[in-house]
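Asker: Please find one structure pasted underneath; my questions will follow.
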Amino acid sequence: MKQLWYAVCLLTGSLPYSIHAPAQTSASGALLAQMSQASQTLDYEYAYVLVSTLGVDSLRYRHVVSDKQRLAQLLQMDGPRREIVQRNGEISYFEPGLEAFTLQGDHIVDSLPSIVYANFERLAHFYDFIPVGRARITDRLCEVVRVVARDGTQFSYIVWIDIATKLPLRADLLDRDGEALEQFRVIAFNVDKQVENSTAGLEKVTLPPQLALPASATDNFDWRVNWLPAGVSEASRSRRTLPSINEPIEARLYTDGLFSFSVNVGQANTATNSGNGECLIRTGRRTIHTEQRGNREITVVGELPPATAKHIADGVVFQAQP
């Protein structure tokens, strides 16, 4: 199981199959693209809750684009002060008891729905964008859109988009049975240039140094994945040796632009396992599926339904196999 926990460290939600044709959802696709554009260009502040199987978090998010730079701040409102700050392409993490660090990135991904930043022109080849109607959220009239994978192998979203600003005010992540796994819900928000005053201090704050990631090799692996959900492609690969294990772990990171997961292969622990075995852990949007095949251990971890994760793991083929 050692590869399982390593796979968790490597990673930094579907309604039933839809029969709607892409041509019928082009207007909804354009609306989703406007949502993404507004989220990355407007000056605004959110007070929102994130509800998941792990509990309820209360957060505040501020976003400002000035002539000089792009600034954002995500703050956990309850409990210990946990803060994430973005300044252009640098994202810094501050948490009590831990040394602050900085990563490179285009936007803050923590506690914000990934669908907000998706490339909907690309997703249109594999997902249906289905208009649902209108509803009120935070006393604002919204257009409601479902985003559903056509092959039925992925999770899905329902998004409430403010008609006036095009900002997302609610996003529900659903499993393949339509049950909610996670909900992003704005309680109050403000779209105004005055938000810039609240983030003025971020322009001059000294950010912590960038986190030094362990060196990785990207040689060819002796295994491949024979089956992937529609639209999924390999984003990166790495081979790393964990100090605590002293054995190499090979990993491929995959994404369809909305959901991401990794496939990890390493040596099985023959002292605690024998023969072939499987293990499944699911926590909200995260699924970890591990299976042993001979002296190898395969772990699929990420934003996948359990059946899809198992299908991917079953499709891993080693060169020594026929």
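The values are calculated or read from the model by the stated rules, or taken from the named source; none is laboratory data. Computed from a predicted model, the values in this text were never measured in an experiment. Neighbour counts run over all protein chains shown; Cβ positions are idealised from the backbone, glycine included.
Asker: Sort out which residues of region 107-128 are part of a loop (DSSP other than H, G, I, E, B) and acidic (Asp, Glu), and write them in order of number. It would help to see each step written out before you state the result.
Answerer: Within region 107-128, the subset part of a loop (DSSP other than H, G, I, E, B) is 107-113, 118-119, 124-126.
If the condition is that a residue be part of a loop (DSSP other than H, G, I, E, B) and acidic (Asp, Glu), then Asp110 is the only one that fits.
Asker: Next question, about the same structure. Search region 165-207 for residues being among the small types (Gly, Ala, Ser) and in contact with a strand residue (DSSP E or B) (Cβ under 7 Å, 6 or more places away or on another chain), and hand back the single one that is modelled with the highest pLDDT.
Answerer: Ala171
Asker: Kindly evaluate Ser28 against the criterion of being farther than 14 Å from Phe184 by Cβ, in contact with a helix residue (DSSP H, G or I) (Cβ under 7 Å, 6 or more places away or on another chain) and outside any strand (DSSP E or B).
Answerer: On the way: farther than 14 Å from Phe184 by Cβ: yes; in contact with a helix residue (DSSP H, G or I) (Cβ under 7 Å, 6 or more places away or on another chain): no; outside any strand (DSSP E or B): yes.
No.
Asker: To continue, here is another question. When residues of region 89-100 are filtered for being over 22 Å from Leu50 (Cα atoms) and within 20 Å of the chain's Cα centre (by Cα), how many remain?
Answerer: From region 89-100, those over 22 Å from Leu50 (Cα atoms) are 89-90, 97-100; that's our starting set.
If we keep only those that are within 20 Å of the chain's Cα centre (by Cα) as well, we get 89-90.
Final tally of qualifying residues: 2.
Asker: Now a separate question. Pick from Ile108, Ile115, Ile161: which is of a type outside the set (Gly, Ala, Ser), under 22 Å from Ser58 (Cα atoms) and surrounded by fewer than 22 Cβ atoms within 10 Å (Cβ to Cβ)?
Answerer: Working: Ile115 fails: surrounded by fewer than 22 Cβ atoms within 10 Å (Cβ to Cβ); Ile161 fails: surrounded by fewer than 22 Cβ atoms within 10 Å (Cβ to Cβ).
It is Ile108.
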